[in-house]
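Colleague: I have a structure here, written as structure tokens, and I will follow up with some questions on it.
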Amino acid sequence: MTIPQISVFLENKAGQLADITGILSQNQVNMRAINIAETTDYGVLRLIVDDAAKASSILLEKGFILTMTPVVGVAVPDTPGGLSKVLSVISGAEIDVEYMYSVFGQKDGQACMIFRVADSDGLTAVLEQNGIGTIAGEDLGLH
Amino acid sequence: MVISVINIEKTDFSSVEEEMEKMERYYQQDIETADREQVLAWQNERLVKQVRHVWDNVPYYRAKMEEKGVTPEDIQSVADLHKLPFLTKDDLREAYPYGLLAKPLKDCVRIQSTSGTTGRRVVAFYTQHDIDLWEDCCARAIMAAGGTEEDVCHVSYGYGLFTGGPGLNGGSHKVGCLTLPMSSGNTDRQLQFMVDLGSTILCCTPSYAAFLAESIHERGLQDQIKLKAGIFGAEAWSEEMRQDIQNKLRIRAYDIYGLTETSGPGVAFECSEQTGMHINEDHFIAEIIDPDTGEVLPEGSKGELVFTSITKEAFPLLRYRTRDICVLTRKKCSCGRTHVKMSKPMGRSDDMLIVKGVNVFPSQIETVLLEQGYPANYQIIVDRVNNSDTIEVMVEMTPENFSDNLGKITAMEKSLVSALKAMLGIYAKVRLVAPKSITRSEGKAVRVIDKRKI
């Protein structure tokens, strides 16, 4: 089970991020998670929003370059060592994590981390075998 | 009384300096100071001979002459030069590698080549006699800068295919200087030799000279440096930059001009007057033409510089269009030399850029971008930061090249940087920008923004 992530190319110049969040806000798109990876000149903005289809078509229309990437939402117990356990399971299975970041807020004592791996289904299976749950888009309020 | 003593001291000091100034040194005084009639006589005789040599040995140029209906008999003197067809960089590319060679390969002993790469490479051939004359020209430049056999000549031009190192190296030998074949790069070693061996003359690009000057100051080596003169060329530099280098290194900085097509550095060089470069007219005939019509312009006009090599054996180019825009003047020079002076090049009549002494064509950058899957919409920004040239290529991101993985983008960027380096021979920074952020112009695209103040 995967969650759609929108990745947008960002040039490192003033107002780029504000432009995007402004466009999303004008179109009533709600952001659930945000992450930026950057170099000195450019970056990649990764977004989980409530309506990925709508958000991506609006951003494309505005001339942004973006790509849709399937990512896995992992339920991480919001206790000391919670993330550590998840990561040791993943590394034990020799799954390479390209990047990860967290979703705003928590639910039922569980935080949600977004994981990007090459094989999302493989990751989901390994986590399930180890009693770690994945989070569906609906649980994050995604349409 | 006291006043007069001061006066005497002052006069003495300035007269010594004046004496130094007046002690203009020449490598071949009789040639360099020959009167105009004599120079013209040499030119007439050599031109006629050279045209015959080319006609007999270079079918490529002969065909051009035939096309224009010109035969060697039509060229009786310099006054007939305008009848000959031009040669351009395109001809050199078309004739690559042997098409303009006028001597059997067994008579050639060397090649040199331009920094230009694929499609633009120029390979020039030399007989031993050609090298000899080329080195004479460089020796004239070194002596005009005050060089003698007492000097330690530190050559930090690149050695190898580039003409800078080999040319000045040979000239330095001819003058009898102790020659340090440093080549470029490795600042620490440059400075160590400069200090330990007491270099007195520095030969390199002006931007490298400025960089070395900064490094000397950073390391506090000013008092251990014995430089007195510098011969700087292979790239455009301003009068302000000259002042800056002169002040920082406490030397006299002289300009030198040349191009691989005509041998290399030493085609023209500055004398003590520092107001332009004397063209070695016993070896080259210079013309100024209108770059659009090809028409020869009267003396003193600004236009494109055209050279005819009248003494080269292996690679004798007739009426080669340099694309450099400048002015020629025959105003009497205080140094005593009689050969015509050219101004610093004021620009180009094509789109070639000279960055860090290296010829860069926007088309080369375009080729790399297309090969690497980038759009042909790009912009080149050239600047000079701390007296050193920088080149940046702005490229638009495309959906195909984009990835959610930053590592993949930076890896792609790196491979583009290395492909550009392989093509241009110098480092060019790549800046990935948002799509459609490079201005689309209505007519001719603005590919190059040159921010250098030259």
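The values are calculated or read from the model by the stated rules, or taken from the named source; none is laboratory data. Quantities reported herein were computed from a predicted structural model and do not represent experimental measurements. As a convention, Cβ positions derive from the backbone with ideal geometry for all residues, glycine included, and neighbour counts pool all protein chains shown.
Colleague: Can you tell me which residue within segment B:181-207, out of those that are under 24 Å from B:CYS271 (Cβ atoms) and touching a Ser or Thr at 6+ places or on another chain (Cβ under 6 Å), is modelled with the highest pLDDT?
Modeller: If we filter segment B:181-207 for residues that are under 24 Å from B:CYS271 (Cβ atoms), which is where we start, we get B:199-207.
Pick out the ones that are also touching a Ser or Thr at 6+ places or on another chain (Cβ under 6 Å) and you get B:204, B:207.
Values: B:CYS204: 94, B:SER207: 82.
The extreme case among them is B:CYS204.
Colleague: Return the total of residues in segment B:384-408 being within 14 Å of another protein chain (Cβ to nearest Cβ) and within 24 Å of B:ASN359 (Cα to Cα).
Modeller: Total meeting the criteria: 4.
Table: residues versus (1) over 19 Å from B:ASN401 (Cβ atoms); (2) out of contact with any Gly (no Cβ under 8 Å at 6 or more places or on another chain).
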residue: A:PRO4; (1), (2): yes, no
residue: A:THR67; (1), (2): no, yes
residue: A:VAL76; (1), (2): yes, no
residue: A:LEU83; (1), (2): yes, yes
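Colleague: Considering only residues that are in a loop (DSSP other than H, G, I, E, B) and charged (D, E, K, R), look in segment B:135-161 and name the one that is surrounded by the most Cβ atoms within 10 Å (Cβ to Cβ).
Modeller: Restricting to residues being in a loop (DSSP other than H, G, I, E, B) and charged (D, E, K, R), the top hit is B:ASP151.
Colleague: Take B:LYS89 and tell me if it is at pLDDT below 95 and surrounded by 16 or more Cβ atoms within 10 Å (Cβ to Cβ).
Modeller: So B:LYS89 passes the test.
Colleague: Collect the residues in segment A:52-87 that are more than 7 Å from every other protein chain (Cβ to nearest Cβ) and closer than 15 Å to A:ILE20 by Cβ, keeping them in residue-number order.
Modeller: Result: A:ALA52, A:LYS54, A:ALA55, A:SER56, A:SER57, A:ILE58, A:LEU59, A:LEU60, A:GLU61, A:LYS62, A:PHE64, A:LEU66.
Colleague: Looking at the structure I just gave you, is B:ILE381 β-branched (Val, Ile, Thr), touching a residue at least 60 places away in the same chain (Cβ under 8 Å) and away from every other protein chain (no Cβ under 14 Å)?
Modeller: Numbers: β-branched (Val, Ile, Thr): yes; touching a residue at least 60 places away in the same chain (Cβ under 8 Å): yes; away from every other protein chain (no Cβ under 14 Å): no.
When the stated conditions are applied, B:ILE381 does not pass them.
Colleague: Return the pair list, or none, for Cβ contacts closer than 6 Å from residues in segment A:4-23 that are more than 10 Å from chain B (Cβ to nearest Cβ) to residues that are assigned to a strand (DSSP E or B), at least 6 apart or on different chains.
Modeller: Here the result reads A:PRO4/A:MET68, each pair linking segment A:4-23 to a residue that is assigned to a strand (DSSP E or B).
Colleague: Restricting to segment B:51-67, what's the tally of residues that are farther than 11 Å from B:ARG319 by Cβ and out of contact with any helix residue (DSSP H, G or I) (no Cβ under 6 Å at 6 or more places or on another chain)?
Modeller: 9
Colleague: In this structure, does B:ARG319 turn out to be touching a residue at least 24 places away in the same chain (Cβ under 8 Å), crowded, with 20+ Cβ neighbours inside 10 Å and within 29 Å of B:PRO97 (Cα to Cα)?
Modeller: Here the answer is yes, as B:ARG319 does meet what is asked.
Colleague: Could you tell me which residue of segment A:24-39 is nearest to the other protein chains (Cβ to nearest Cβ), considering only residues that are surrounded by fewer than 16 Cβ atoms within 10 Å (Cβ to Cβ) and outside any strand (DSSP E or B)?
Modeller: A:THR39
Colleague: Please work out which residue is farthest from the other protein chains (Cβ to nearest Cβ), limiting yourself to segment A:94-117 and to residues that are under 21 Å from A:ASN30 (Cβ atoms) and aliphatic (A, V, I, L, M).
Modeller: Here the residue is A:ALA111.
Colleague: Quick one: which of B:LYS332, B:LYS312 is surrounded by fewer than 20 Cβ atoms within 10 Å (Cβ to Cβ) and either out of contact with any Ser or Thr (no Cβ under 6 Å at 6 or more places or on another chain) or at pLDDT below 95 (or both)?
Modeller: Unique residue meeting the criteria: B:LYS332.
Colleague: Assess whether B:THR338 counts as being hydroxyl-bearing (Ser, Thr, Tyr), out of contact with any Leu (no Cβ under 9 Å at 6 or more places or on another chain) and at pLDDT 95 or above.
Modeller: yes
So that you can scan it fast, the table gives a plain yes or no per residue for (1) free of Cβ contacts under 8 Å to residues at least 60 places away in the same chain; (2) within 30 Å of B:TYR159 (Cβ to Cβ); (3) in the same structural domain as B:ARG323 (by TED's automatic domain parsing); (4) in a helix (DSSP H, G or I):
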| site | (1), (2), (3), (4) |
| --- | --- |
| B:VAL39 | no, no, yes, yes |
| B:GLN50 | no, yes, yes, yes |
| B:ASP80 | yes, no, yes, yes |
| B:LEU101 | no, yes, yes, no |
| B:ALA124 | no, yes, yes, no |
| B:LEU133 | no, yes, yes, yes |
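Colleague: Same structure again: Just one of B:MET277, B:MET241 is among the aliphatic types (A, V, I, L, M) and under 25 Å from B:ASP30 (Cβ atoms); which is it?
Modeller: B:MET277
Colleague: Is it the case that A:SER91 is of a type in the set (Ser, Thr, Tyr), over 19 Å from the mean Cα position of the chain (by Cα) and more than 14 Å from chain B (Cβ to nearest Cβ)?
Modeller: yes
Colleague: Can you find, within segment B:162-213, the residue that is nearest to B:PHE125 (Cα to Cα) among those that are in a helix (DSSP H, G or I) and touching a Cys at 6+ places or on another chain (Cβ under 7 Å)?
Modeller: B:GLY167
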